[in-house]
Amino acid sequence: MVNTPKDLGSAHSGFKDWYWQRLSAVVLAALLPGVFILLWSVYTGALDQFALLDWLDSFVSRLLHTLLIIALIIHAYMGLKIMIEDYVHAGLRVLLIATMLVMMSLFGMWWLALIWAWGG
């Protein structure tokens, strides 16, 4: 017979946090090699600055960049939130998580505005 725990805490389960952390990790693992390949091709001279700017100005690049920054923010937020919940005193926990959420949201909005306003 399986016993159920009496107190699951405020979250009741860690599955949602685990799921979003893993999903964002998969997206990052799929997109980051492309970024490094692009940077390497510019470094080695296989791609010049104008070709890089043409690629960055394309709709596909902007869409992939949007997906990358959203996944990066979700991944960082979930990881830091779990660490704060586990290791920071309850009185300071809410303030730190709220500050982190506001700062990451502002960074994401700034970055997305920069990406989508660039060029034509």
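The values are calculated or read from the model by the stated rules, or taken from the named source; none is laboratory data. Keep in mind that what you see is a predicted model, and the values were worked out from it rather than measured. Note that we place each Cβ from the backbone using ideal geometry, even for glycine, and neighbour counts take in every protein chain shown.
Name the residue, out of 106, 114, 53, 72, that is assigned to a helix (DSSP H, G or I), in contact (Cβ under 8 Å) with a residue 12 or more places away in the chain and over 21 Å from residue 21 (Cβ atoms).
Going through 106, 114, 53, 72 in turn, the sole match is 53.
Taking residue 80 and the conditions (1) surrounded by 15 or more Cβ atoms within 10 Å (Cβ to Cβ); (2) not in a helix (DSSP H, G or I), which numbered condition does it fall short on, given that it satisfies the others?
Exception for residue 80: condition (2).
Conditions tested, residue by residue: (1) in contact with a strand residue (DSSP E or B) (Cβ under 8 Å, 6 or more places away or on another chain); (2) at pLDDT 95 or above; (3) among the charged types (D, E, K, R).
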site	(1), (2), (3)
65	no, no, no
70	no, yes, no
73	no, yes, no
79	no, no, no
83	no, no, no
89	no, no, no
93	no, no, yes
102	no, yes, no
